[in-house]
Amino acid sequence: MRKIKACIFDLDGVIVDTAKYHYLAWKRLAQELGFDFTEEQNEALKGVSRTKSLEILLQIGGINICDEEKEKLAEKKNNWYVEYIKNMVPSEILKGAKEFLYELRKNNIKIALGSASKNSMLILNKLELVDCFDAIIDGNKVKNAKPDPEVFLLGAKQLGIPNNECVVFEDSKAGIEAALCGGMLAVGIGDKRVLDKANLVISSLSEMSMDKLQLLK
Ligand code: BG6
Ligand code: MG
């Protein structure tokens with residue numbers, strides 16, 4: 001049986017529920033552009049990069065614009081999003097996340113962040129979690145978005161742990177695919193029907209333990 005030596009965590013939807021803030025900002029942009037954007041439609045943006053998210057939103061609104069305009073809109077959305085997350089507090093950390101991070105640390109398991117968000121550092125600072133990670137790989141450090149495994153491969157490399165001794169924790173389908181494609185084990189946080197490829201699906205990190213981690217296959 002392989003021994004797990006590292007865990008790599010997605011941020012949005014795994015450590016903290018930032019999806020609601022992303023949604024508020026995208027909805028505000030949609031309304032400014034003259035159409036509505038529902039919470040259901042927002043599901044398609046989870047785990048997806050900022051640029052790709054904007055493209056999906058514009059498609060929903062039937063809007064065609066040049067790249068320069070797109071860049072301005074993405075920046076506008078991000079400024080609103082940053083305004084919202086600036087007020088985040090440590091009590092917004094999702095159930096069980098901090099406890100599991102501490103348990104891993106106590107058991108000498110290496111810990112990395114593997115997130116698409118370019119705002120990861122701001123969020124980790126607000127949540128006072130920066131020191132929990134041995135490596136932080138975010139959207140500023142990678143070229144290819146999930147389901148490409150780049151973000152996780154870079155995390156494993158920075159930790160100095162072989163890919164097949166790493167477990168990835170993810171709430172998005174694209175993230176699970178990325179982890180498996182990188183030769184890692186994947187734990188899904190959320191709906192079993194959506195995250196059906198994961199090696200294990202749980203509803204929050206409060207369900208995780210060292211024993212469960214080492215029994216994964
Ligand atoms: C992912 C989120 O973690 O980061 C997506 O799930 C988001 O919804 C993406 O679009 C990029 O985030 P940011 O903060 O760089 O716009
Ligand atoms: Mg996520």
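Quick notes on this structure:
- Selection status of residue 37, assigned to a loop (DSSP other than H, G, I, E, B), open to solvent by less than 30 Å² (accessible area, probe 1.4 Å) and touching a helix residue (DSSP H, G or I) at 6+ places or on another chain (Cβ under 7 Å): yes
- Scan of segment 40-96 for residues that are touching a Ser or Thr at 6+ places or on another chain (Cβ under 9 Å), part of a helix (DSSP H, G or I) and touching a residue at least 40 places away in the same chain (Cβ under 8 Å), ordered by number: 50, 77, 81, 84, 85, 92
- If the condition is being away from ligand 1 (no atom under 15 Å from the Cβ) and over 23 Å from residue 206 (Cβ atoms), then segment 6-39 contributes 31, 32, 33, 34, 35, 36, 38.
- Restricting segment 4-27 to residues that are away from ligand 2 (no atom under 15 Å from the Cβ) and in a loop (DSSP other than H, G, I, E, B) leaves a set whose member that is surrounded by the fewest Cβ atoms within 10 Å (Cβ to Cβ) is 5.
- Just one of (1) among the acidic types (Asp, Glu); (2) touching a helix residue (DSSP H, G or I) at 6+ places or on another chain (Cβ under 9 Å); (3) assigned by TED's automatic domain parsing to the domain that holds residue 30 fails for residue 75. It is (2).
- Criterion applied to 122, 127, 153 was being in contact (Cβ under 8 Å) with a residue 12 or more places away in the chain, within 13 Å of ligand 1 (Cβ to nearest atom), closer than 23 Å to residue 46 by Cβ and among the aliphatic types (A, V, I, L, M), and the one residue passing it is 122.
- Under the condition of being over 15 Å from the mean Cα position of the chain (by Cα) and open to solvent by 60 Å² or more (accessible area, probe 1.4 Å), the residues counted in segment 111-152 number 6.
The values are calculated or read from the model by the stated rules, or taken from the named source; none is laboratory data. Note that the structure is predicted; figures quoted are calculated from it, not measured. Because the Cβ atoms are built from the backbone with ideal geometry, glycine has one as well, and the counts that use them run over all protein chains shown. In case anyone asks, the SASA skips ligands and DNA or RNA and just uses the protein heavy atoms, side chains included. Shrake-Rupley method; radii C 1.70, N 1.55, O 1.52, S 1.80 Å.
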